[in-house]
Amino acid sequence: MRFFLTHSSPKLLSRETIAAFVFFALYFFIGWYILPDYGLSWDEFLQRRYGLHSYDFVVKTLGLDWPMYFPQYQLETSAGRQYSIIFSLIAAGFEKLAGIDADDFHAQYLLRHRMLFVLFWTATIAFYQLLRLRFETALQKENPSFPFFKNGLPLLGTLLLILTPRIFAHSFFNPKDIVLLSFYIISLYTLVRYLKNPTLLAGLLHGVACAFVVNSRIAGIIVPVLSVGFIGLQLFKNVRTSGTVLLRQYVKSFPVFFIVFMLLAIAFFPYLWNSVDQRATEAFNLMSNFPKSIHTLFFGHYVSSNPPPFYYPYAWMAITLPLLNLFLLLAGIFWFIKTLASNLMRWKLWTNFPEFIDLIAFAFLSGPLFAVWLFHSTIYDGWRHFYFIYPPALMLGLVPLHGLWRSKLQFLRQLTMMIVLVSCLYTGYKMVKLHPHQQVYFNVLAGGNRMERFEMDYWGVAYKQAFEELVRKDTTGEMIQVFCANQPCFDNYFALPEEIKSHIRMRYGMEVAQYYLTNYRFRPEMEKFCKGEFPFDEEYFSIMADGERIIGVYKVERLKVKD
């Protein structure tokens, strides 16, 4: 833990180190304890399948004497072969190592949820260390630089990341966007360390991080591209001062970074092995503008995802982020632009290393947004595709917050701390109240009647609670006949613990079911609900979150079926 919790402090057991250790230990134990409460998301079955196919391909190609999942399938012709699947590939290996039975879906996905949470937890530590690097000068000069501890601001920034309700919930079940977000944070941290001290080890670690982020999602390719750009900027800026020394360091370390990145980026993406250039281009073209188009509920209207209105992700961020976080994001961007404009007036991009980090963070924020505009990329389900740009945006937001704390006006400092404290307590309270449905958090800007104006539990994660409640309510002792509206309902059924699943029989037609379960996804379903048409004319119960339906269970005409 020393690597994570200390940078320049000579004392392993300093007050700041102990505070950080307690903070992350407490977060880990809370997360681990509540983890089983979350259901499965829409694509988890598919993501597992893609990982299994890639695992089998690796075993066959390398001639390993390891057990396989589906030896009859060929990766080259399987669906999802173009996906970056590093997390699913590693999970497939762990599933074999753990000896999990092929029919034990509950254990399979509990393993993946644990792996995902541990990855995000690790990323929050990297984010904390990144903030320590950004505010390192202030941490050394001020005593304390933030209330209570010298590392109070990095801890607060990390807490604000954790207390982002939708990202908090997704960190337990989203094997795509959260994996990218996590490795994006880690790669940003390794880049800053590399730029600060371009040693061979720093170059190697950043090469590994870049390989992981590229193989999380193809959007991660922007990290090595920006890395090369910032190395060039740093050399150009320092050419008259330490340029010769810095150049010698990069001459030694850059080849290590580049070679490690290229080798691992290909090694972690088995589909590329037989034809790197052609298949890499195929994957990039497909993932930069995914052809599947759906319509999502957005302010009471259904809009296309291919592409959605330009303001679509920004509006979702505005109504689903805690207000303090939203304000900090806007203030941070304004503060950065103001500082950059001031520097440009003096023909500079930055004047010190913290400002250089701000420039990097802004590039990590704006670069993907520019790419989405350039490629007219498809965007599904709120702003989850943009989760990964949120941490660098949040880091920028901490700069003006730190400026307020350094104000000479005691009243302003006290007011700032009071607002931050009240906001964190309120957000934490809302998250506890919503548990385990933080994925449907909205702030007050969303207004009322959200269920009929926005997509709610679009991935159907809360189907798990619907099944559990259905079994609790049943007193007949007979098998409960259920028909599902869409795939995540079936997936959550198969992943239930056996003591719950044994009471339920899945039916594949409404005419032979007792109950109909739905998350109201897509227009036909919502239109029938609003009109009170069958099967929405006899509600049995609903799973509610903050006063809004997210899963409905309806009684339907039953046909007696003998077991």
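The values are calculated or read from the model by the stated rules, or taken from the named source; none is laboratory data. These numbers were taken from a predicted model, which means no experiment stands behind them. All Cβ positions, glycine included, derive from the backbone under ideal geometry; neighbour counts span all protein chains shown.
Does the stretch 92-115 include one or more residues that are more than 27 Å from Cys489 (Cβ to Cβ), among the aliphatic types (A, V, I, L, M) and touching a residue at least 24 places away in the same chain (Cβ under 8 Å)?
no
So the check is Cβ under 6 Å with 6+ separation or different chains; which pairs have a first residue in the stretch 372-398 that's closer than 20 Å to Val213 by Cα and a second one that's charged (D, E, K, R) and assigned to a helix (DSSP H, G or I)?
Matching pairs, first to second residue: Arg384/Asp177; Tyr387/Asp177.
Could you please let me know if Ile218 is modelled with pLDDT of 95 or more and not basic (Lys, Arg)? If you could, list the steps in order and put the result at the bottom.
Details: modelled with pLDDT of 95 or more: no; not basic (Lys, Arg): yes.
Here the answer is no, as Ile218 does not meet what is asked.
Can you find a residue in the stretch 381-394 that is aliphatic (A, V, I, L, M) and surrounded by fewer than 19 Cβ atoms within 10 Å (Cβ to Cβ)?
First pass over the stretch 381-394, keeping only residues aliphatic (A, V, I, L, M): 389, 393-394.
When the remaining residues are screened for being surrounded by fewer than 19 Cβ atoms within 10 Å (Cβ to Cβ), the result is none.
Looking for residues that are aliphatic (A, V, I, L, M) and surrounded by fewer than 19 Cβ atoms within 10 Å (Cβ to Cβ), one finds none in the stretch 381-394, hence no.
Do we have Val420 as among the β-branched types (Val, Ile, Thr) and within 22 Å of Leu323 (Cβ to Cβ) here? Steps first, please.
On the way: among the β-branched types (Val, Ile, Thr): yes; within 22 Å of Leu323 (Cβ to Cβ): yes.
Considered against the rule, which asks whether it is among the β-branched types (Val, Ile, Thr) and within 22 Å of Leu323 (Cβ to Cβ), Val420 comes out as yes.
Suppose the filter is assigned to a helix (DSSP H, G or I) and either surrounded by fewer than 22 Cβ atoms within 10 Å (Cβ to Cβ) or charged (D, E, K, R) (or both); does Ile186 pass it? Even if it seems obvious, please write down each step before you answer.
Numbers: assigned to a helix (DSSP H, G or I): yes; either surrounded by fewer than 22 Cβ atoms within 10 Å (Cβ to Cβ) or charged (D, E, K, R) (or both): no.
No: the conditions fail for Ile186.
Give the residue, chosen from Tyr311, Tyr250, Tyr302, that is of a type outside the set (A, V, I, L, M), modelled with pLDDT of 90 or more and loosely packed, with under 14 Cβ neighbours inside 10 Å.
Details: Tyr250 fails: loosely packed, with under 14 Cβ neighbours inside 10 Å; Tyr302 fails: loosely packed, with under 14 Cβ neighbours inside 10 Å.
Every option except Tyr311 fails the conditions.
For the stretch 258-271, which residues satisfy the criterion of being in a helix (DSSP H, G or I) and either at pLDDT below 90 or not aliphatic (A, V, I, L, M) (or both)? Break it down stepwise before answering.
Within the stretch 258-271, the subset in a helix (DSSP H, G or I) is 258-267, 270-271.
The answer is Phe258, Phe261, Pro270, Tyr271.
Limited to the stretch 477-508, what total is found for residues that are part of a strand (DSSP E or B), in contact with a helix residue (DSSP H, G or I) (Cβ under 7 Å, 6 or more places away or on another chain) and more than 20 Å from Arg549 (Cα to Cα)?
The initial filter retains those residues of the stretch 477-508 that are part of a strand (DSSP E or B), namely 480-484, 504-507.
Among the residues that remain, those that are also in contact with a helix residue (DSSP H, G or I) (Cβ under 7 Å, 6 or more places away or on another chain) are: 480-481, 483-484, 504, 506.
Right, trim to more than 20 Å from Arg549 (Cα to Cα) and you get 480-481, 504, 506.
Result for the stretch 477-508: 4.
Quickly run through the stretch 509-523 and pick out the residues that are touching a helix residue (DSSP H, G or I) at 6+ places or on another chain (Cβ under 9 Å) and either among the β-branched types (Val, Ile, Thr) or free of Cβ contacts under 8 Å to residues at least 40 places away in the same chain (or both).
If the condition is that a residue be touching a helix residue (DSSP H, G or I) at 6+ places or on another chain (Cβ under 9 Å) and either among the β-branched types (Val, Ile, Thr) or free of Cβ contacts under 8 Å to residues at least 40 places away in the same chain (or both), then Thr518 is the only one that fits.
Out of all the residues in the stretch 318-340, is one or more exposed (fewer than 14 other Cβ atoms within 10 Å of the Cβ) and either in contact with a Phe, Trp or Tyr (Cβ under 7 Å, 6 or more places away or on another chain) or farther than 25 Å from Leu404 by Cα (or both)?
No, the stretch 318-340 contains no residue that is exposed (fewer than 14 other Cβ atoms within 10 Å of the Cβ) and either in contact with a Phe, Trp or Tyr (Cβ under 7 Å, 6 or more places away or on another chain) or farther than 25 Å from Leu404 by Cα (or both).
Test Arg521 against the stated conditions and say whether it is within 28 Å of the chain's Cα centre (by Cα) and charged (D, E, K, R).
Numbers: within 28 Å of the chain's Cα centre (by Cα): yes; charged (D, E, K, R): yes.
It is true that Arg521 is within 28 Å of the chain's Cα centre (by Cα) and charged (D, E, K, R).
Here is a yes/no grid of residues against (1) crowded, with 20+ Cβ neighbours inside 10 Å; (2) in contact (Cβ under 8 Å) with a residue 24 or more places away in the chain; (3) more than 27 Å from the chain's Cα centre (by Cα):
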{"residue": "Glu455", "(1), (2), (3)": "yes, yes, no"}
{"residue": "Gly460", "(1), (2), (3)": "yes, yes, no"}
{"residue": "Ala466", "(1), (2), (3)": "yes, yes, no"}
{"residue": "Glu469", "(1), (2), (3)": "no, yes, yes"}
{"residue": "Asp474", "(1), (2), (3)": "no, yes, yes"}
{"residue": "Glu478", "(1), (2), (3)": "no, no, yes"}
{"residue": "Pro488", "(1), (2), (3)": "yes, yes, no"}
{"residue": "Phe494", "(1), (2), (3)": "no, yes, no"}
{"residue": "Glu498", "(1), (2), (3)": "no, yes, yes"}
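Please note which helices (runs of 4 or more DSSP H) are completely contained in the stretch 1-116 and include at least 2 residues that are hydrophobic (A, V, I, L, M, F, W, C), under 25 Å from Glu498 (Cα atoms) and modelled with pLDDT of 90 or more. Walk me through how you get there before you give the answer.
Details: elements: 2-5, 15-34, 44-62, 86-97.
The helices (runs of 4 or more DSSP H) meeting that bar are 15-34, 44-62, 86-97.
Does Phe236 qualify as being at pLDDT 95 or above and either assigned to a helix (DSSP H, G or I) or crowded, with 18+ Cβ neighbours inside 10 Å (or both)?
Working: at pLDDT 95 or above: no; either assigned to a helix (DSSP H, G or I) or crowded, with 18+ Cβ neighbours inside 10 Å (or both): yes.
When the stated conditions are applied, Phe236 does not pass them.
Could you check how many residues of the stretch 294-335 are more than 22 Å from the chain's Cα centre (by Cα), in a loop (DSSP other than H, G, I, E, B) and either aliphatic (A, V, I, L, M) or over 18 Å from Gly447 (Cα atoms) (or both)?
Result for the stretch 294-335: 1.
List pairs: first in the stretch 529-549 and within 15 Å of Met456 (Cβ to Cβ), second in a loop (DSSP other than H, G, I, E, B), Cβ under 6 Å, 6+ apart or cross-chain?
Phe529/Tyr520; Phe529/Phe536; Ile543/Ala462; Ala545/His437
Quick one: in the stretch 427-448, of everything that is hydroxyl-bearing (Ser, Thr, Tyr) and touching a residue at least 24 places away in the same chain (Cβ under 8 Å), which residue is farthest from Ala545 (Cα to Cα)?
Thr427
Search the stretch 336-361 for residues being among the polar types (S, T, N, Q) and in a loop (DSSP other than H, G, I, E, B), and hand back the single one that is farthest from Arg193 (Cα to Cα). First the steps, then the outcome.
Initially, the stretch 336-361 is screened for residues among the polar types (S, T, N, Q), giving 339, 342-343, 351-352.
Now drop any that are not in a loop (DSSP other than H, G, I, E, B), which leaves 351-352.
Details: Thr351: 18, Asn352: 15 Å.
Going through the qualifying residues, I end up with Thr351.
For the stretch 529-547, give me the residue count where each residue is of a type in the set (Gly, Ala, Ser) and exposed (fewer than 11 other Cβ atoms within 10 Å of the Cβ).
Taking the stretch 529-547 and keeping what is of a type in the set (Gly, Ala, Ser), we get 532, 542, 545, 547.
Going one step further and asking which of them are exposed (fewer than 11 other Cβ atoms within 10 Å of the Cβ), we end up with 532, 547.
Going through the stretch 529-547 one residue at a time, the tally reaches 2.
Of the residues Pro368, Pro392, which is assigned to a helix (DSSP H, G or I), in contact with a helix residue (DSSP H, G or I) (Cβ under 7 Å, 6 or more places away or on another chain) and at pLDDT below 95?
Values: Pro392 fails: at pLDDT below 95.
None of the other options fit; the residue is Pro368.
Residues that are within 26 Å of the chain's Cα centre (by Cα) and part of a helix (DSSP H, G or I): does the stretch 245-257 have at least one? Reasoning before the result, please.
The first filter runs over the stretch 245-257 and keeps only residues within 26 Å of the chain's Cα centre (by Cα), leaving 257.
Still in the running and part of a helix (DSSP H, G or I): 257.
Scanning the stretch 245-257 turns up at least one residue that is within 26 Å of the chain's Cα centre (by Cα) and part of a helix (DSSP H, G or I).
Filter the stretch 205-240 down to the residues that are within 21 Å of the chain's Cα centre (by Cα) and closer than 13 Å to Ile266 by Cα and list them by number.
Listed by number, the residues that qualify are Val208, Cys210, Ala211, Phe212, Val213, Val214, Asn215, Ser216, Ile218, Ile221.
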